[in-house]
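Notes for the one structure printed next.
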Amino acid sequence: MLKSVWQTGRWLLLTQLLLLRSLLAQGSVLLVGGGSENYNDWSDAPYRWLVEHAPNGEILILHYDSPSSFLPNYFKSLGAANAANLVINSRSSANDSANYRAILRAGGLFLRGGDQWQYVSLWQGTLAGQAIQQVFQTGGAIGGTSAGAMVLSEIVFDARTTSVDPRQALRNPLRAGITFTAGFLALVPNVLADTHFYERGRLGRLAAMLAVYHSQQGRWLTGLGVDDRTALAIAPDGSAEVFGSGVVTLLRAGERIAYTVQMNQPLALSELELQQFTAGFRLDLAAGHILTPAAGAASFSASPFQANGAGIWLEGSDQSSDWFAAGGSFAGFLDGFTAGQDTLGIISSPAVGANAQTVAQQLAQRGFSSHLLWLDSSTRNDQLTATRMQRSAGLIFAGNLLDSVAVHLAPATATGQAFAAARQAGRAMLFLGNDAKLAGSTGVGQTEVSTTAAYRGRLTLCNGLGLLGSTIIMPRAWQDSDYHENRLSGLLWGMAKAQAAFGVLLDAGSHLDCRNGVALFTGLTPALVIDSRPAQWRDFSTYRAASSVGPRQSAALDHARVHVLPNGSRFDFNNGAVVQVESRHAVENSPLLFHLEQNHPNPFNPHTLIRYHLSEAATVTLRVFDLAGREVATLVQAQQAAGTHAVGFDGSALASGLYLYRLEAGGRVASRKMLLMR
């Protein structure tokens with residue numbers, strides 16, 4: 001009897017707590033991009049925000065595997081009345097009523113990092129998941145870091161098969177392992193969240209995910225990428241504030257967005273809007289409008305692009321095997337010259353001249369003579385070097401020191417005057433590997449000096465040669481994941497610093513040929529062109545980690561446009577537009593002409609997704625039958641375009657058992673079985 005009264009009293013207290021919360025608006029959300037928390041560091045402000053927005057100051061730290069030894073005391077140091085761990089490591093524990101009540105008693109919840117599929121597979125459709133939503137709906141504060149933040153958005157990239165490499169997502173988005181979960185916690189509407197954003201090079205990945213989701217569901221989401229050691233705090237009214245060391249990136253469909261997602265083919269996409277915000281920015285998350293800029297933010301005005309009439313070839317790889325491969329930049333560049341007749345100049349620094357020697361050997365093997373034009377302070381006024389440079393039929397840059405080339409080719413030097421004459425005469429020029437940075441107006445240096453160069457403020461800006469005016473080139477974009485932040489975040493940082501109109505991410509094995517400002521892109525990995533001309537604001541992180549030489553080199557930029565350009569695409573830098581996609585491909589593609597995929601998940605309860613592929617437009621019928629042959633649902637009966645389609649099926653009105661789904665299109669028929677387990 002006493003036990004019954006005690007339990008009733010606890011339920012009354014819990015009911016009163018929920019009633020009090022229901023008088024408040026919906027709750028608050030904190031999305032953290034990952035990274036280790038520490039006292040008196042970047043994490044203090046956002047984690048304190050979570051505590052302050054928890055109605056009773058009680059913080060419960062959730063995980064699917066193990067407790068945290070650090071976070072309970074850390075939250076208490078920030079003002080939490082109490083903080084404790086709760087591990088829910090099975091579906092049975094996720095449906096335990098004691099765990100359900102423990103979650104409801106908390107005013108704030110925090111989901112740790114790890115694997116989002118563990119959260120989804122163990123907690124979706126359980127009392128634990130329901131309790132988290134109830135805490136939010138009654139005014140509580142819900143936060144998460146890394147995977148724990150990703151599962152808070154309406155649509156979750158669930159990583160059920162793989163974490164998805166950004167290079168593979170760009171090369172073949174429908175075969176990259178991109179899978180989604182809807183209806184899990186769904187605390188941030190119309191958003192697909194990603195974390196460790198620039199640290200892991202996920203700009204290309206998130207762009208691919210948005211296009212794949214739209215191809216399946218016909219709806220554009222907002223992609224929200226959060227850097228490590230960075231957070232976005234979202235208040236109940238939808239206003240959001242950035243905290244921490246890096247940037248929060250928003251990707252949205254522009255008014256003229258266009259894309260192509262096809263089986264076994266690379267992503268093509270244009271007019272994707274990009275916004276990046278540093279700590280201190282406040283914004284209306286749904287609309288993407290800035291409410292209050294950061295204190296140090298300044299206006300942005302891109303310098304005008306200036307085209308050079310000469311043929312400019314840029315190679316994205318630092319590997320000579322890529323340079324000299326059939327269909328590579330070297331072969332394409334040499335197509336404009338005659339073996340045995342034309343002499344080519346190879347410009348290189350004697351301090352790092354091995355690449356120049358390799359290029360000379362390749363030219364000789366292909367019947368071309370060449371001059372090795374060593375460039376440093378001792379040769380920049382050498383008349384023989386200058387004469388050979390001016391008389392060369394074309395120039396190849398291989399193995400130069402980024403911070404000194406513009407100095408040695410300045411107008412006051414003999415080599416600078418010779419280079420200007422060659423440029424005026426329309427000489428074609430090839431830039432190999434990191435030398436590709438020299439073709440723009442500005443180059444970002446020291447990207448390979450250390451894996452943490454951008455984080456510790458070690459990147460530099462150097463003057464380029466201006467052949468692609470108001471442009472910054474970043475080769476080797478997705479080569480070696482340890483340098484992703486240096487290259488991707490470094491590019492945006494350089495653009496904001498130099499107020500450059502364009503940035504180009506060119507992966508290893510890819511190259512471009514630009515004439516009169518119109519570039520042809522070739523290679524396995526699509527290039528990314530970032531057009532910053534619409535941008536209005538810029539700002540820079542002021543966070544400085546221990547042992548750093550300067551602040552983290554992350555930049556706010558609002559607004560810009562992203563274009564994803566696969567093999568054969570042409571982009572006109574003069575007006576910032578994709579002008580052509582050619583039909584040639586870097587690798588053989590064999591798109592599936594007609595294919596019905598296995599539903600996923602399977603078995604299911606009660607929702608599943610059915611995906612199919614059409615090579616051409618057709619009248620499509622997709623129906624579901626029971627094993628007796630009775631039709632139980634018609635999912636599609638319409639004319640549909642070529643490409644990938646997906647439709648959801650709700651079996652909540654059906655009994656458990658095997659069902660058959662049948663696709664008919666263009667005179668073809670395919671069927672598969674699926675298992676409903678209630």
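The values are calculated or read from the model by the stated rules, or taken from the named source; none is laboratory data. Bear in mind the structure is a predicted one, so any value in this text is a computation, not a measurement. In this analysis, Cβ positions are derived from the backbone assuming ideal geometry, glycine residues included, and neighbour counts consider all displayed protein chains.
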Before we move on, is S163 surrounded by fewer than 22 Cβ atoms within 10 Å (Cβ to Cβ) and farther than 30 Å from V647 by Cα? no
Can you work out which of the residues in segment 399-427 that are within 17 Å of D513 (Cβ to Cβ) and touching a Leu at 6+ places or on another chain (Cβ under 8 Å) is surrounded by the most Cβ atoms within 10 Å (Cβ to Cβ)? R427
Here are some residues: L488, L467, L505. Which one is touching a residue at least 12 places away in the same chain (Cβ under 8 Å) and either over 15 Å from the mean Cα position of the chain (by Cα) or surrounded by fewer than 24 Cβ atoms within 10 Å (Cβ to Cβ) (or both)? L467
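When segment 155-182 is examined, which residues are found to be over 18 Å from the mean Cα position of the chain (by Cα) and either farther than 25 Å from D65 by Cβ or polar (S, T, N, Q) (or both)?
Residues of segment 155-182 that are over 18 Å from the mean Cα position of the chain (by Cα), as a first pass: 160-161, 181-182.
Scanning segment 155-182 gives T161, T181.
This table checks each residue for (1) in the same structural domain as P606 (by TED's automatic domain parsing); (2) more than 16 Å from S121 (Cβ to Cβ); (3) in contact with a Leu (Cβ under 6 Å, 6 or more places away or on another chain).
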residue	(1), (2), (3)
S153	no, yes, yes
T162	no, no, no
D165	no, yes, no
A169	no, yes, no
L174	no, yes, no
I178	no, yes, no
G183	no, no, no
P189	no, yes, no
L192	no, yes, yes
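In segment 196-205, is there at least one residue being among the hydroxyl-bearing types (S, T, Y), surrounded by fewer than 23 Cβ atoms within 10 Å (Cβ to Cβ) and not assigned by TED's automatic domain parsing to the domain that holds Q26? Break it down stepwise before answering.
So in segment 196-205, the residues among the hydroxyl-bearing types (S, T, Y) come out as 198.
Still in the running and surrounded by fewer than 23 Cβ atoms within 10 Å (Cβ to Cβ): none.
No: zero hits.
For G416, state whether it is under 23 Å from G336 (Cβ atoms), at pLDDT 95 or above and not in a strand (DSSP E or B).
On the way: under 23 Å from G336 (Cβ atoms): no; at pLDDT 95 or above: yes; not in a strand (DSSP E or B): yes.
So G416 fails the test.
I'd like the full set of residues that are of a type in the set (A, V, I, L, M), part of a helix (DSSP H, G or I) and in contact with a strand residue (DSSP E or B) (Cβ under 6 Å, 6 or more places away or on another chain), limited to segment 371-397. If you could, list the steps in order and put the result at the bottom.
Looking only at segment 371-397, we keep the residues that are of a type in the set (A, V, I, L, M), and these are 372-373, 375, 384, 386, 389, 393, 395-396.
Still in the list and also part of a helix (DSSP H, G or I): 384, 386, 389.
Scanning segment 371-397 gives a single hit, M389.
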Segment 443-463: number of residues that are surrounded by fewer than 24 Cβ atoms within 10 Å (Cβ to Cβ) and under 30 Å from R427 (Cα atoms): 6
Among the numbered criteria (1) crowded, with 23+ Cβ neighbours inside 10 Å; (2) outside any strand (DSSP E or B), which single criterion is violated by G345? (2)
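Which one is farthest from P551 (Cα to Cα), of the residues in segment 462-487 that are outside any loop (DSSP other than H, G, I, E, B) and in contact with a helix residue (DSSP H, G or I) (Cβ under 6 Å, 6 or more places away or on another chain)? Walk me through how you get there before you give the answer.
Step one: filter segment 462-487 for residues outside any loop (DSSP other than H, G, I, E, B), giving 462-463, 468, 471-475, 481-487.
This time we only want the ones that are in contact with a helix residue (DSSP H, G or I) (Cβ under 6 Å, 6 or more places away or on another chain), so: 463, 468, 472-475.
Details: N463: 21, L468: 29, I472: 21, I473: 23, M474: 21, P475: 24 Å.
Per the stated criteria, the residue is L468.
So that you can scan it fast, the table gives a plain yes or no per residue for (1) touching a Lys or Arg at 6+ places or on another chain (Cβ under 8 Å); (2) within 30 Å of A421 (Cβ to Cβ):
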{"site": "L291", "(1), (2)": "yes, no"}
{"site": "A294", "(1), (2)": "no, no"}
{"site": "N308", "(1), (2)": "yes, yes"}
{"site": "G327", "(1), (2)": "no, no"}
{"site": "F333", "(1), (2)": "no, yes"}
{"site": "T343", "(1), (2)": "yes, yes"}
Any idea which of (1) outside any loop (DSSP other than H, G, I, E, B); (2) closer than 30 Å to Q134 by Cα is the one F197 doesn't satisfy? (1)
Qualifying position, being closer than 24 Å to Y213 by Cβ, loosely packed, with under 13 Cβ neighbours inside 10 Å and among the aliphatic types (A, V, I, L, M), among A655, A633, A641, A618: A641
Within segment 219-324, considering only strands (runs of 3 or more DSSP E) that don't extend past its boundaries, which have at least 2 residues that are in contact with a Gly (Cβ under 9 Å, 6 or more places away or on another chain) and surrounded by 18 or more Cβ atoms within 10 Å (Cβ to Cβ)? 222-226, 230-234, 239-244, 248-260, 268-277, 312-315
Could you check A410 against (1) under 19 Å from D335 (Cα atoms); (2) in contact with a Gly (Cβ under 7 Å, 6 or more places away or on another chain); (3) among the aliphatic types (A, V, I, L, M) and say which number it fails? (1)
State all residues of segment 134-165 that are out of contact with any strand residue (DSSP E or B) (no Cβ under 9 Å at 6 or more places or on another chain) and touching a residue at least 24 places away in the same chain (Cβ under 8 Å); if no residue qualifies, say none. Q134, Q137, T138, A159, D165
Among the numbered conditions (1) within 20 Å of V248 (Cβ to Cβ); (2) assigned to a loop (DSSP other than H, G, I, E, B), tell me where N38 comes up short. (1)
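From the list R584, R561, R552, which residue is charged (D, E, K, R), assigned to a loop (DSSP other than H, G, I, E, B) and at pLDDT 95 or above?
Details: R584 fails: at pLDDT 95 or above; R561 fails: assigned to a loop (DSSP other than H, G, I, E, B).
The match here is R552.
Residue check: is G113 under 27 Å from the mean Cα position of the chain (by Cα) and under 28 Å from V248 (Cβ atoms)?
Details: under 27 Å from the mean Cα position of the chain (by Cα): yes; under 28 Å from V248 (Cβ atoms): yes.
Judged against the criteria, G113 is a match.
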Given the conditions (1) modelled with pLDDT of 95 or more; (2) more than 22 Å from Q133 (Cα to Cα); (3) not basic (K, R), which single one is not true for L60? (2)
Single condition S77 does not satisfy, out of (1) under 32 Å from the mean Cα position of the chain (by Cα); (2) more than 27 Å from Q118 (Cα to Cα); (3) among the polar types (S, T, N, Q): (1)
